[in-house]
1. Show the residue pairs meeting these rules: Cβ distance below 6 Å; 6+ apart or different chains; first residue within region 769-786 and under 9 Å from T700 (Cα atoms); second residue of a type in the set (G, A, S) and in a helix (DSSP H, G or I).
2. Can you tell me how many residues in region 543-560 are more than 16 Å from ligand 2 (Cβ to nearest atom) and touching a helix residue (DSSP H, G or I) at 6+ places or on another chain (Cβ under 8 Å)?
3. Quick check on region 378-398: of everything there that is surrounded by 15 or more Cβ atoms within 10 Å (Cβ to Cβ) and of a type outside the set (A, V, I, L, M), which residue is nearest to ligand 1 (Cβ to nearest atom)?
4. Could you please find all residues in region 732-754 being in contact (Cβ under 8 Å) with a residue 12 or more places away in the chain and either in a loop (DSSP other than H, G, I, E, B) or under 40 Å from the mean Cα position of the chain (by Cα) (or both)?
5. Scan region 385-401 for residues that are more than 16 Å from ligand 2 (Cβ to nearest atom) and more than 15 Å from D160 (Cβ to Cβ) and report the count.
6. Does at least one position in region 714-722 carry a residue that is of a type in the set (F, W, Y) and at pLDDT 85 or above?
7. Within region 414-422, is there a residue that is modelled with pLDDT of 85 or more, of a type in the set (D, E, K, R) and either away from ligand 1 (no atom under 16 Å from the Cβ) or under 19 Å from D372 (Cα atoms) (or both)?
8. Please find, among E629, E557, E577, E570, the residue that is away from ligand 1 (no atom under 16 Å from the Cβ), of a type in the set (D, E) and in contact (Cβ under 8 Å) with a residue 12 or more places away in the chain.
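The values are calculated or read from the model by the stated rules, or taken from the named source; none is laboratory data. Just so you know, these numbers come straight off a predicted model, no measurement behind them. Cβ: placed from backbone, ideal geometry, glycine included. Neighbour counts: every protein chain shown.
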Amino acid sequence: MQTESPPWASPPDQLAREFSSGPDGLSADAAHAALPATRARAVSTSHANSAWRLLVHQFTSPIILILVVATLISGLLGDWLDAAIILTIVLLSGLLDFVQERGAQSSMDRLLGTIRLSATCRRDGAEVEVPFDEVVPGDVIVIRAGDIIPADAVVVAATDLQLDQSSLTGETFPATKSPQVLDPGTELADRANMVFAGTHVQSGSGRAMIVATGRDTEFGGVAASLGKKQHPTGFERGMTRFGLLLTRVMVVLVAVIFVVNLVLHRAVIDSALFSLSLAVGLTPQLLPAIVGLSLAQGSKVIARHRVIIKRLNAIEDFGAMTTLCTDKTGTMTLGRIDLSGALDLTGQPDAGLLRVAALNATLQTGLVNAMDAAIVTAATAAGVDLDGARALGEVPYDFVRKRLSVLVDDRAGSAGRPLLVTKGAVEKVFEVCDTARTADGLVPLDDVIASVRDVVAGLGAQGFRVLAVATRESASAAVEMGPASETGLTLVGLLSFADPVKPDAASTVAGFADAGVTVRMITGDALPVATHIAGELGLDPRAVMTGRQIDDADDAELARRLPAVRVFCETTPHHKERIVTGLTAAGQIVGYMGDGINDAPALHAADVGISVKGAADVAASSASIVMLEKDLRSLLDGMRAGRRTFANTMKYIQMTTSANFGNMISMAIASLVLPFLPLLAAQILAINLLSDLPAAAIATDRVDDRQVASPQRWDMRLIVNYMVVFGAISSIFDLAAFAVLRLAVGAGESEFQAAWFLASVLTEVFILFILRTRGPAWHSRPSGMLIGLSAGVVAVAFALVLTPAGTILRLSVLPLSLAALMLAIAVAYAAATEIAKPLFWRRNEHLARRAGVESA
Ligand SMILES: Nc1ncnc2c1ncn2[C@@H]1O[C@H](COP(=O)(O)OP(=O)(O)OP(=O)(O)O)[C@@H](O)[C@H]1O
Ligand SMILES: [Mg+2]
């Protein structure tokens, strides 16, 4: 839609005409009609076409491509049947992966649908919630503090509207927005009448008309509309490193095998196919699918605890979490705040103070806040009359000042002169007061500050939150309101609020401790009440640090001190973020739970950001986990489920890599001394396909309790040790089979291959049952799916070598005795592994437990 003037330079009525809209927004019909066009311009964050992309993705790994090319060449050179079989198996494996991943993805999408962000739009004159991707040009959105802007829009009404545009411009200082008409040449950062997609409202409120959506927005070029680049989770980092390691091992082994075969004067194309098939065998190509599947499975189980995983890989970090930082209000406390007292500076009830507080709480226009709501409720109940007082100006609450000021025209109160009413955190209000009102009249604040602090501490020790109230008569109403207006005030009283601790909070904190997770409370609230609540929760109230102490420490000192601290108080959003990064630097895997705008930076910095449905948009979008209810208990259950998921993923990785590693080694040795290839390419691929089927069932397998008793962390050394130890054991038995076949039985090429084929499948399946638990295999019951699939695969393997069916893979029919011999070797191998297992875990226990837990 091209116009003479850009939206920021168009007068409101012209804009409205252009978008066939008006002050009251679109009609629902018009909005629906505009939807297809809007969708077409959407930033493709959704999975449009992704089924195809996912399918193609299965076949685009370099090894698979090289294998396919080599196969085609071999087909051209003559053997079309062999080539066709290889291609069929590759295709089947790819399809298997595809089906798994697809299933995982769609169940994920369904869960995510329940926590989609929505915007408040005016349609047909009423306010309705509209999902972000259904907001269309012409819509008038209603925005409040904490909201994320869904699309670029021109402001049509504003009250102290301040936007945080740092995601777009990098500028962290909030930008003030108001309706106005600007010069067409105005730069992005100066467009003071526009709000941009992906930015969020810091404070104030307003309405704005959407002028551009999706790709047409300033943010559109960036991939996702909330596309702050997420840093990779610990798990993702681990997977990447592990993938690299495997690739290196594979390249070396495959190159060696290929060269050796050439030196031995084997056919080039056969040797190439053999080496490439080994490469396919060694790369656990089901890995992404299995991981995706077990994560999706995990997220479904976790969802039963009313916890939604937004970013699948966060599950692993969720299970690895060693410390959980939470805010106080609503998490540790009930969050149903009641005003318990309006007090003078000696702590005695003061009837007049409630009215002053109510002026501030009622006339403020910022974010609806539980404390303001409590004041309004109490004032209404007490029949306080505001006598038509009205606001002349406001300095909205912010998390650093921790004050909220309203300039009031109060005809009944202050003899016609405007009154500035400020309330906020006690120490923060002290900072702007010169005098205090006592029974003896006005006195300098310093005369009473110590005794007021005592009163506040006394209230805190009873678990009351306290706000201070201050006022100043203003000479004229014409003053420009800003933080600088908060000066020279008179402290007039205190408000105390009750917000009791949740009955089960202490036991849940203990539950986390039992699970190896240290809980830390981070609050913006004052020291006295914070330590009181900490005590009730069983957190050491002496292990406390205030915002000021955090400011005084540099990063290194902070990282050193943080692990011992359990309670942080008087913090700003920036402190919260530093605490999280400091704990991370100290080697912790940090979970952060919070729901306010002030929690967003910390949520983003944490390994596991946890928010709550209904939280401020910025908080929800910074989190990787969203709870449907703010309930620590279900978070604990969800975490246990996350650990189970992690354990299953690890099982798969450990088992397949050790089996594959062992096979590679023995194949390499076998191909050196045999006069023929130990297995044909198609046979290797078939073994791979068959053994991956039961391995896929690992995603749904049961997990031993003791494996979820402490944080589980990705540990490269453990994986490598595992791969080498159990790979070596498997090689030894491979070579034993090899020796028996060549020396005792004197098997020829196709008989050898058939026997080894059988032995390979049997060992890979048996080993699943041994390695899936750290204790004795018979103590831990596998899932039904695992048993079923394994039995099926074993039956297929026997059928292939005992009937002519196997000739399609060039397997000869084995005599029963030889098949029995292979079975015996596989059983002996399983037994040997069972014996080696406790020895391995005893030696590597420290690695398994090296999760860096320092329990409270
Ligand atoms: N609407 C308000 N008006 C005045 N002061 C406020 C208001 N809201 C909060 N404060 C003050 O600022 C302090 C910090 O509140 P804030 O919501 O920023 O903290 P928080 O870290 O979210 O705390 P919590 O852990 O309790 O959720 C409060 O304890 C209170 O003293
Ligand atoms: Mg909070």
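1. Filtered contacts from region 769-786: M785/A697; L786/A697.
2. Within region 543-560, residues that are more than 16 Å from ligand 2 (Cβ to nearest atom) and touching a helix residue (DSSP H, G or I) at 6+ places or on another chain (Cβ under 8 Å) number 10.
3. Of the residues in region 378-398, the ones surrounded by 15 or more Cβ atoms within 10 Å (Cβ to Cβ) are 378-379, 384, 386, 389, 391-398.
Now restrict to residues that are of a type outside the set (A, V, I, L, M): 393-394, 396-398.
Details: G393: 16, E394: 11, P396: 9, Y397: 5, D398: 9 Å.
That would be Y397.
4. A747
5. First, pick out the residues of region 385-401 that are more than 16 Å from ligand 2 (Cβ to nearest atom): 385-396.
Then keep just the ones that are more than 15 Å from D160 (Cβ to Cβ); that gives 385-390.
Within region 385-401, residues that are more than 16 Å from ligand 2 (Cβ to nearest atom) and more than 15 Å from D160 (Cβ to Cβ) number 6.
6. Within region 714-722, the first condition is being of a type in the set (F, W, Y), and the residues that meet it are 714, 722.
Remaining after also requiring at pLDDT 85 or above: 722.
The answer is yes, given that some residue of region 714-722 is of a type in the set (F, W, Y) and at pLDDT 85 or above.
7. Residues of region 414-422 modelled with pLDDT of 85 or more: 418-422.
Subset that is of a type in the set (D, E, K, R): none.
Checking region 414-422: not a single residue is modelled with pLDDT of 85 or more, of a type in the set (D, E, K, R) and either away from ligand 1 (no atom under 16 Å from the Cβ) or under 19 Å from D372 (Cα atoms) (or both).
8. Working: E557 fails: in contact (Cβ under 8 Å) with a residue 12 or more places away in the chain; E577 fails: away from ligand 1 (no atom under 16 Å from the Cβ); E570 fails: away from ligand 1 (no atom under 16 Å from the Cβ).
Within the list E629, E557, E577, E570, the selection yields E629.
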